[in-house]
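Right, one structure below, let's go through it.
The values are calculated or read from the model by the stated rules, or taken from the named source; none is laboratory data. Note that the coordinates shown come from a computational prediction; the quantities given were computed from them, not determined experimentally. Note that we place each Cβ from the backbone using ideal geometry, even for glycine, and neighbour counts take in every protein chain shown. When the accessible area is computed, the model is the full protein with side chains, heavy atoms only, and any ligands, DNA or RNA have been set aside. Shrake-Rupley method; radii C 1.70, N 1.55, O 1.52, S 1.80 Å.
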Amino acid sequence: MKKKPNLNFDELKNPAHTYHYSRAERMKRNRNSQEQQTTKWYYRLVGNNRTTLQMLIFYVFLAIVFWFFWWAIRSQAEDKRVFRIGNARFVEVRWIANEQKKGWNVLIDNKSKEVWKLKTIELKVASTVLFFTNATIEIAPNDYVAWFFAYDGERPSIPKLEIKVGE
């Protein structure tokens, strides 16, 4: 069996066709085009590696998404305060202000296994009473009650709120 010789492009050219440049000219054109091609600044940043650039873009996008959710949760928490009253009993006080209403939304949540009997609830900042109720209610285990108290004054500082629950 005869071994075929390794022929170059010039030796493989078909004489029926006309070629406008030789192999040497073609190599020269390829080298010049590679040398003339400029590298973009962001490719230089990642060492001219496309995969690293894609991962950098992905992680920047991921950081923006996490920042947005952190911002959304943080801004939500600025308008409410949760008070823990005893074992598995909570009172959540939230400030609501829109075109229809302005005041305090109070969610009384009983997550304990016993009935919770409330006689009074008083919310105040320093010595100013924001609302007071003496309605006696019973909240069953794993149940809640939601109330709204209209308030015409200015929104007080939420972290300075104090609550007094009479049982």
Considering only residues that are assigned to a strand (DSSP E or B) and open to solvent by 30 Å² or more (accessible area, probe 1.4 Å), which ones fall in segment 87-99?
R89, F90, E92, R94, I96, A97
For segment 100-157, enumerate the residues that are in a strand (DSSP E or B), open to solvent by 70 Å² or more (accessible area, probe 1.4 Å), touching a residue at least 24 places away in the same chain (Cβ under 8 Å) and not basic (K, R).
T128, Y144, F148, A150
What is the residue count in segment 64-86 for residues that are open to solvent by 60 Å² or more (accessible area, probe 1.4 Å) and part of a helix (DSSP H, G or I)?
10
In segment 5-35, residue surrounded by the most Cβ atoms within 10 Å (Cβ to Cβ) [restricted to those that are of a type in the set (S, T, Y) and at pLDDT 70 or above]
S22
Return the residue satisfying two criteria in turn: it lies in segment 36-76 and is of a type in the set (S, T, Y) and over 30 Å from P159 (Cα atoms), and of such residues it is modelled with the highest pLDDT.
Y59
Hits in segment 136-165 - residues which are acidic (D, E) and under 21 Å from R84 (Cβ atoms):
E138, D143, E162
